[in-house]
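The structure appears right after this line, and notes come after that.
The values are calculated or read from the model by the stated rules, or taken from the named source; none is laboratory data. Small disclaimer: the values here were computed from a predicted structure and weren't measured. Heads up, the Cβs are rebuilt from the backbone with ideal geometry, glycines too, and the neighbour counts pull from every protein chain shown. When the accessible area is computed, the model is the full protein with side chains, heavy atoms only, and any ligands, DNA or RNA have been set aside. Shrake-Rupley method; radii C 1.70, N 1.55, O 1.52, S 1.80 Å.
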Amino acid sequence: MKPFRLALAQIDTHLGDVPANLDIHLDTIARARRRGADVVVFPELSLTGYMLQDLVDEVALTPTASDPTFRRLLTASRGVDLIVGFVERGDRHSCFISAAYLSAGELVHLHRKVYLPTYGLFQDGRFFEAGRSFGAFDTRFGRLGLLICEDFWHVSSPYQLWLDGAELLVLLSASPGRGLRGDGRLQSARWIETISRTYASLFTVYVAQTNRVGFEDGLCYWGGAAILGPDGETLAQGPDFEEALVVAEIDPDRIRRARLALPLLRDEQPDVLQRGLARLLGEPPS
C-alpha cells in the first residue's frame, strides 16, 4: 500500500431515479477531486436507492461501457478511483446488490452482496440473488476488500479478506436508523461504530464505512461515515443526518506500526479453522 487520500460520500439517494443519482455522483466526484481525493466511496445501492422492491428490474445496470450510466462513471474514473453501489443485472434473469471498483476507465473489481437480510424491515432475500464469495483485490494504491452492509455483520467476511491480504476494508451500507439510546444517539449507529473499531483493531487494517442519509419509504438513514486506522483510532467522522464528504489520509506506515505492536496476522493459523469447520460440517478428517 502507498499513501493516498480517501473520500467517503455520505449522500441522499433518490429511490428508483438512476439519472438523478448519477448527477449526484458526478457532482460529488468533482467536489472530491477539488479536495484532492484519490478514491471516492459511495454507499450501498447509491445509484438506485435501497427499498426498491418491484423496481429492481427497472433500475438494474451492467458495469460495462455499453451501459450509459456506467459509461459516464468509467470516464469519471480516469481522474479518480470510484467505488459505487448499484443493482447489477445477472446472467440468469436475476439481480444482485453489487459494488464496483472503477479506475482509469476500467472495472477493477466487482463484489456481490453475500448476506441478504430478510427479517424485520429488510427484504433483500425476496428480490435479489446472493453473492457467493469474498476476495481482496489489487488497486494502484494497495490491496482492498469490499463488504456490503450485512456482509459486515458476519465476522467470517472480513476475516477472509484479511487473510487474502486486504489492508483496507471498505463497507458500503444503507443502514436505516433503529433504536434510541439515552444519550440521543441511534442504537444502529453505535453498533456500526463498535464493530468498525473492533475489526480495525483485531485485523490491524484500515476500515472505511460510508452510509447514506435522507428519508426513503418511511425509513430514516443516519449517515455517520467514518474512517478508522489499524489501531482502532477514528481518523475522520461524518455527521448524523446530513450529507457530507468525509476525507482522510491513508498512511501504510500506520499498518506497519500496528502489526509490529500486535502481530495477529503473523501468528494466525487458518489451518486450525479449516479443520474445525470440516468437523462442524461433518466432513471426514484429512
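Tabulated data
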read-out: Table column - 3J(HN,Hα) (Hz), segment 272-285, Karplus curve with 6.51, -1.76, 1.60, x for Gly and Pro; value: 5, 4, 4, 5, x, 5, 4, 5, 5, 8, x, 7, x, x
read-out: Relative contact order of segment 1-106, defined on C-alpha pairs under 8 angstrom at six or more residues apart (%); value: 28 percent
read-out: Phi-based couplings in Hz for segment 165-171 (Karplus 6.51, -1.76, 1.60; Gly and Pro marked x); value: x, 5, 10, 9, 9, 10, 10
read-out: Rounded percent of accessible protein surface that carbon and sulfur make up, segment 40-86, 1.4 Å probe; value: 47 percent
read-out: For segment 144-165 versus segment 224-242, the gap between their alpha-carbon centres in whole angstrom; value: 18 Å
read-out: The chain, accessible area per residue, ligands and nucleic acids excluded (1.4 Å, Å²); value: 44 Å²
read-out: Probe 1.4 Å, all protein chains present, accessible-area order of MET1, MET51, largest first; value: MET1, MET51
read-out: Long-range HN-HN contacts of GLY223 with modeled amide H, under 5 Å; value: ARG212, PHE241
read-out: Heavy-atom accessible surface of segment 103-186: percent carbon and sulfur, 1.4 Å; value: 49 percent
read-out: Over the chain: helical MRE at 222 nm, DSSP H runs n ≥ 4 each giving -39500 (n - 2.57), nearest 500; value: -8500 deg cm²/dmol
read-out: Relative contact order for the chain, counting Cα pairs under 8 Å that sit 6 or more residues apart, in percent; value: 18 percent
read-out: Accessible heavy-atom area order of LYS2, LYS113, highest first, probe of 1.4 Å; value: LYS2, LYS113
read-out: Protection proxy ranking of 166-175, 40-49, 256-265, 211-220 - average other beta-carbon atoms within 10 Å, highest first; value: 40-49, 166-175, 211-220, 256-265
read-out: Linear extension gain, LEU55 paired with ARG92, 0.36 nm per residue minus alpha-carbon span; value: 11.5 nm
read-out: Span per principal axis, largest first, for the Cα atoms of segment 156-256 (Å); value: 43, 27, 26
read-out: Listed peptides 148-154, 128-134 by packing density, highest first (mean Cβ within 10 Å); value: 148-154, 128-134
read-out: Integer Hz, Karplus 6.51/-1.76/1.60 couplings in order for segment 206-223, x for Gly and Pro; value: 6, 10, 10, 10, 10, 10, 7, 10, x, 10, 8, 6, x, 9, 10, 9, 9, x
read-out: Residue among LEU228, LEU202, LEU74 with the largest mean-square fluctuation in a Gaussian network model of the chain, springs linking Cα atoms under 10 Å; value: LEU202
read-out: Square roots of 5 times each gyration tensor eigenvalue, C-alpha, segment 1-135, largest first, Å; value: 25, 16, 15
read-out: Accessible carbon and sulfur surface of segment 187-286 relative to its total accessible area, %, 1.4 Å; value: 56 percent
read-out: Cα gyration tensor category, rounded, prolate or oblate, for segment 205-279 with a/c compared to 1.5; value: oblate
